[in-house]
Ligand code: C2O
Ligand code: CU
């Protein structure tokens, strides 16, 4: 009897189920691999068939030999997988290049690893004969586990990262204008020329990606009406691009990889040219693989000064608030404590730019609430656009979402310093101490510290006084659209993930908003999530219409990003006067990458560029 058991171990139904689960995943990934490299496709179909065959053999002929083959074969498959995810394998279209690990291959490998254990146990005869009930109970974990893992793996395999997704594909036989022809005035010599060289730098043993060797990059200052030319030289190991955040530029110069251009390859360059017609505080940043490239340091400020206006402010400071590369520590222009000159009586303009990105652990960390202490001040502009008759304020928290700006104007008091506080970093863990930054203006004793969180919050819906505004005053809108912000578990980009959604869909599969040149467009943005989302539009300026259904009552407010708090509804409008294919996305980078990104498409405009694995263009 024991001899017989030695020759023929028991079948392991758990191993059979797990092997079939892994086979299902390998069949599901095969189509994608066929398009990538035919031998890969054949390999995965073959592997799936071998696993089905193995499962059958283990039911009907569970010999020691069969278990030994199963163990050896499965270990070999795991070894090849480990190799392909670490050093890469020497074959195929990308020899010796490590592949990314996805939930799909983790699911398959986890099932295979468990079967190896079971095969090993059978070989060592550690499974004495038991009753049917005990047998069934022992199989139960696999009965629950294998289908779940197979679901995760197959779901991911059937929703791969798009290969070549076009935001506005040309249709054969239909005449259209390509985004590449939507350029500014041609042939004129630029008034201001800059070169931004993107490269890897090392500061304090840390690697950062920088423009012209510094983080943040150089401040670009131009005058209204200037024709601006910026040459991007890419000395990075990866492709990149530059987007001019907030300023209305011709579509071809918007810098969005996969929509308005191909990402600029290492060693190559790209020339951006635009007339700086919008006065105010703006910034620039990479718009290729943005959620990785901004945190590495590819940011800088852009200021358009009014033409001919006599300088009202004796001091004009741009304060780019950002995280130090590879860190959770907040800094202003690279420093956590900044001292800036100002004499008693000086009028000072502060251009605060929030470039703090959130982390996945702390998705709302991007909300900054700067507070000015020691002087009364006005909020002169939001997102670069002046407010009408702004009143003097005492200390208030001005909520800024990632990407937003506020210009504060104050007069230096006769005695004592003025301080900007309330600037915070983002914590990755709850027990971490939060980093803060501050800026001190002038000398003398610092103003008394206050408990920032107890201060009132600045309300942009009732600040300043009303003034005519073509969009706010419009009685008719040609296009009305609602965007509901949400999120939830989905299969996306080859894996199982929590997506951030517009109207229940994640990018790139969100239906664009179609507009025609000259349309008056009204958007209602409804937030069904627990976090705040700065929803940013490219190429256009929102007029804020209403919050929670109540029209705003103060100055007209013009923004390129509307901060939509939890449970809030905001109505904004814009005039469609800048033809192109324009992004509309949450500026919390992990949300944009997680799916909160779509486009506004002008009728008759198409793009030859695509996003996805073929081109390597990843706008978010
Ligand atoms: Cu500041 Cu689409 O970006
Ligand atoms: Cu968001």
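Here, each number is a calculation from the coordinates, and none is a lab measurement. These numbers were taken from a predicted model, which means no experiment stands behind them. Glycine gets a Cβ as well: all are built from the backbone with ideal geometry, and neighbour counts include every protein chain shown.
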10 Å binning of all Cα-Cα separations within region 45-144, expressed as whole percents from 0 upward: 13, 39, 31, 14, 4, 0
Inter-label distance for residue 186 and residue 516, nm, one decimal - labels placed 7 Å from Cα along Cα-to-Cβ: 2.7 nm
Relative contact order of region 1-89, pairs being alpha-carbon contacts under 8 Å that are 6 or more residues apart, as %: 32 percent
Tilt relative to the chain, helix 38-60 - C-alpha long axis, 0 to 90 degrees, to 10: 40 degrees
With Cα atoms, 0 to 90° folded angle of helix 103-123 axis to the chain main axis: 30 degrees
Kirkwood Rh in Å, taken over all unlike Cα pairs in region 575-620: 12.0 Å
Using alpha-carbon coordinates, inclination of helix 64-86 to the longest axis of the chain, degrees: 20 degrees
Equivalent ellipsoid semi-axes - Cα gyration tensor, region 475-535, angstrom: 27, 14, 7
Pair residue 203, residue 449: separation of 7 Å Cα→Cβ label points (nm): 2.6 nm
Added length on full extension, which subtracts the Cα-Cα distance from 0.36 nm per residue, residue 498 to residue 137: 126.6 nm
Value of D in µm² per second that Stokes-Einstein yields for the chain, Kirkwood Rh from Cα pairs, at 4 °C (1.567 mPa s): 48 µm²/s
Fraction of beta bridges assigned by DSSP in the chain that are antiparallel (%, nearest 5): 70 percent
Region 47-144 - percent relative contact order, Cα under 8 Å, separation 6 or more: 26 percent
Mean projected area (nm²) of the alpha-carbon convex hull when region 492-620 is viewed from all directions: 8.4 nm²
Within the chain, helix-based [θ] at 222 nm, where runs of 4 or more DSSP H residues each add -39,500 (n - 2.57), nearest 500: -7500 deg cm²/dmol
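In what sequence, highest mean first, do 43-56, 572-585 appear when ranked by Cβ atoms within 10 angstrom? List each step's numbers first, then the result.
Values: 43-56: 18.0, 572-585: 22.9.
In descending order of packing, they fall as 572-585, 43-56.
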R0 of 56 Å, Cβ-Cβ distance residue 178-residue 64: FRET efficiency to nearest 0.05: 0.25
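I need the peptides 447-460, 411-424, 276-289 ranked by packing, meaning the mean over residues of other C-beta atoms within 10 angstrom, with the highest value on top.
Values: 447-460: 12.7, 411-424: 19.3, 276-289: 24.1.
Put in order of decreasing packing, that is 276-289, 411-424, 447-460.
So if I average 1/r over every pair of distinct C-alpha atoms in region 150-264 and take the inverse, what Kirkwood radius in Å does that give? Please list the in-between numbers first.
Details: mean 1/r = 0.0570 Å⁻¹.
Averaging 1/r across every pair of different Cα atoms and inverting gives 17.6 Å.
Taking 51 Å as R0, compute the FRET efficiency from the Cβ-Cβ separation of residue 89 and residue 470 and round it to 0.05. Intermediate results must be reported in sequence, preceding the final value.
Details: r = 60 Å, r/R0 = 1.18.
Computed FRET efficiency for residue 89 and residue 470: 0.25.
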Shape metrics for region 501-568, restricted to C-alpha atoms - Rg then Dmax, Å: 13.1, 38
For region 318-397 versus region 18-67, the gap between their alpha-carbon centres in whole angstrom: 57 Å
Most to least packed among 9-20, 539-550, 336-347, 591-602 [average Cβ atoms within 10 Å]: 591-602, 9-20, 539-550, 336-347
Spatial separation of Cα centroids for region 556-620 and region 151-183, in angstrom: 16 Å
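When DSSP assigns beta bridges and you keep just the ones with both residues in region 144-250, what percent turn out antiparallel, to the nearest 5? Walk me through the intermediate numbers first.
Working: 7 of 14 bridges.
Bridges in region 144-250 that DSSP calls antiparallel: roughly 50 percent.
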Alpha carbon centroid spacing (whole Å) that separates region 80-128 from region 466-534: 41 Å
